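Below is one structure, written out as structure tokens; the observations come after it.
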Amino acid sequence: MKVPIDSEETMDEAAENAAETVEGTAAEAAAEPVIEDAEVLDPEEERARVEEAIRRGEEAAEKELAADAGKLREERDDLAKQLAGVQDQIDAAQVKATEANERYMRLQADWDNFRRRTAAERLAEKERAAEKLVVSLLPVLDDMERAIEHAGDTENNEQLKQFVDGIGAVHQKMLGALQKEGVEVIDPAGEPFEPLAHQAVGRVEDAEAYDETVAQVYQKGYKMGDKVIRNAMVTVTFGGPKRPAPEPADADAAPEGDGNN
């Protein structure tokens, strides 16, 4: 039940009116004759009135509680709808964030692959350019070697000797510069014939040498790194004994210092 709150002035007026009413009532009571016997209610009727008052109070309280409960349910439903809307927005945002992250990861992977592929292509292009330059210089080395080889005896000709020594020095400098770039000379005289690195241009019968042995090198070969950029031109022996298979490394060999002294 709501009790109205009066202002201070209204409360003062009510107090004055109540005082006047009390005085008037006292005066009337003094004027009227005193009633000795007041009306006495029947206990059953009094109990019925009390129960009726309690029932009405309970009904009023029940109605008020029902009204409050209805308002709370409405507020709850409104909040539930708002929460559902917010949850939908959160779910949509999470889906977008997941998709964006997946696109970012794919782009990152594509970028890494592109960078590695570009680096590999640049390295391969650099190696091809270096290989092309080296291959173009090999005939110059061949000519220098032929010039030195065909110079003959230079002991009696000091001028020719200086010329041949100069060519030899230039030849060594060129080989040193190429070796810094990973170029190695293939000069397989006396070694087993390797079809992948050697080019056979003739066969020589030799019963004392192992079969398929390089007898003579007509033109040296070269390799750059692990790649053979020019095969060595060689002659190969035949008619000799078969070369024995290489023995595997003896992993169980006794360490140095063992054995009987």
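The values are calculated or read from the model by the stated rules, or taken from the named source; none is laboratory data. Computed from a predicted structure; not experimentally measured. Every residue, glycine among them, receives a Cβ derived from its backbone with ideal geometry; neighbour counts consider all protein chains shown. What goes into the accessible areas is simple: the full protein's heavy atoms, side chains included, and nothing from ligands, DNA or RNA. Shrake-Rupley method; radii C 1.70, N 1.55, O 1.52, S 1.80 Å.
Just a few scattered comments:
- Any hit, the range 116-138, residues being at pLDDT 90 or above, among the charged types (D, E, K, R) and more than 51 Å from the chain's Cα centre (by Cα): no
- Residue match in the range 120-135 (condition: open to solvent by less than 80 Å² (accessible area, probe 1.4 Å), among the hydrophobic types (A, V, I, L, M, F, W, C), touching a helix residue (DSSP H, G or I) at 6+ places or on another chain (Cβ under 9 Å) and part of a helix (DSSP H, G or I)): yes
- Among the conditions (1) open to solvent by less than 60 Å² (accessible area, probe 1.4 Å); (2) at negative phi; (3) at pLDDT below 90, the only one that HIS198 does not satisfy is (3).
- Test result for VAL170, within 15 Å of TYR222 (Cα to Cα), open to solvent by 40 Å² or more (accessible area, probe 1.4 Å) and in a helix (DSSP H, G or I): no
- Residue match in the range 225-237 (condition: under 30 Å from ALA129 (Cβ atoms), polar (S, T, N, Q) and open to solvent by 70 Å² or more (accessible area, probe 1.4 Å)): no
- Whichever residue in the range 205-247 is more than 47 Å from the chain's Cα centre (by Cα) and β-branched (Val, Ile, Thr) and, among such residues, is farthest from ASP187 (Cα to Cα): THR237
- Summed over the range 104-143, residues that are in contact (Cβ under 8 Å) with a residue 40 or more places away in the chain, out of contact with any Gly (no Cβ under 8 Å at 6 or more places or on another chain) and among the acidic types (Asp, Glu) total 2.
- Residue within the range 143-155 that is surrounded by 14 or more Cβ atoms within 10 Å (Cβ to Cβ), out of contact with any Leu (no Cβ under 7 Å at 6 or more places or on another chain), modelled with pLDDT under 85 and more than 29 Å from THR235 (Cα to Cα) present: no
Each row is one residue, and each column tells you yes or no for (1) farther than 26 Å from MET224 by Cβ; (2) of a type in the set (A, V, I, L, M).
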{"residue": "LEU83", "(1), (2)": "yes, yes"}
{"residue": "LYS126", "(1), (2)": "no, no"}
{"residue": "ALA129", "(1), (2)": "no, yes"}
{"residue": "GLU145", "(1), (2)": "no, no"}
{"residue": "HIS150", "(1), (2)": "yes, no"}
{"residue": "VAL183", "(1), (2)": "no, yes"}
{"residue": "GLY190", "(1), (2)": "no, no"}
{"residue": "PRO195", "(1), (2)": "no, no"}
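Here is a yes/no grid of residues against (1) modelled with pLDDT of 85 or more; (2) open to solvent by less than 100 Å² (accessible area, probe 1.4 Å); (3) in contact with a Phe, Trp or Tyr (Cβ under 7 Å, 6 or more places away or on another chain):
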position: GLU39; (1), (2), (3): no, no, no
position: ASP42; (1), (2), (3): no, yes, no
position: LEU65; (1), (2), (3): yes, no, no
position: ALA69; (1), (2), (3): yes, yes, no
position: GLU75; (1), (2), (3): yes, no, no
position: GLN82; (1), (2), (3): no, no, no
